[in-house]
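Below: one structure, written as structure tokens.
The values are calculated or read from the model by the stated rules, or taken from the named source; none is laboratory data. Treat the numbers as computed from the prediction; the structure is a model and nothing was measured. Note that each Cβ is placed from the backbone with ideal geometry, even for glycine, and that neighbours are counted across all protein chains shown. SASA here: full protein model, heavy atoms, side chains in, ligands and nucleic acids out. Shrake-Rupley method; radii C 1.70, N 1.55, O 1.52, S 1.80 Å.
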Amino acid sequence: MRLNKYIASAGICSRRKADVLTASGDVKLNGLVVREMGVDVKDGDVVEVYNRVITSAGKLICIVLNKPKGFITSVGDNLGRPTVMDLVGDIPERIFPVGRLDADTSGLLLMTNDGALSQMLMHPKHKIYKTYRVKIGGVLSDERIARLRKGVDIGGFVTSPAEVKVLRQSERITTVEISIFEGKNRQVRKMFAAVGNSVVELKRVAVGDILLGRLKEGHYRKLTRQELLHLRDILE
Ligand code: URA
């Protein structure tokens, strides 16, 4: 099978984009950078995109898990804490989490067996917005909303503009939806801390157009074809 077809059918991107990645030296065949377009991939060949082995065509697994609080986003834990792998034990393929959610954060976690897809999804240059529903202590003033929207210093890093919408407001607790495309460690918690509000509850409800919806906590579902195409579009 042609290299660009192999990459495209593994769900990474279109054939055209595969050619671009190849020309720019981001594709390896059996450990060596390959820049020629017409190369054939044979059984047993190892193809890497962005230094990650991609799985053979047609075997792409990508799921949405509703991670409950208390589970760590890791493939194993030497302290014996529950991990998200405990929730997907019936999937035979070796899948792993795309990025991280804190142990005390719940909600949408993508998991895949495709390293290159995972890398691309996490790269901020693709500007994939992640949306969080956040319960914070106290009231979120207009001035604080403006600061979050513009970008705040979370300790040596100024965040990019965020989308912020207040869903419910009371003296004690305010519920906010915030969308960001970066993925710094505990970024949402740090952003609210930077403007002076503590986070009481944090749940991720969307990644791009992929919605958590009514998926029950601890349950997962496969991405629909539509959702896979959406991801591919973003990564073009
Ligand atoms: N921001 C956080 O603070 N925690 C998460 O788990 C994800 C984003």
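For region 168-197, the candidate set comprises residues that are more than 9 Å from the ligand (Cβ to nearest atom) and open to solvent by 70 Å² or more (accessible area, probe 1.4 Å); within that set, the residue that is nearest to THR131 (Cα to Cα) is ARG168. Taken over region 218-228, the criterion of being surrounded by fewer than 15 Cβ atoms within 10 Å (Cβ to Cβ) and either closer than 13 Å to LEU121 by Cα or at pLDDT 95 or above (or both) is satisfied by GLY218, HIS219, ARG221. Take VAL200 and tell me if it is crowded, with 18+ Cβ neighbours inside 10 Å and within 16 Å of the ligand (Cβ to nearest atom). It is false that VAL200 is crowded, with 18+ Cβ neighbours inside 10 Å and within 16 Å of the ligand (Cβ to nearest atom).
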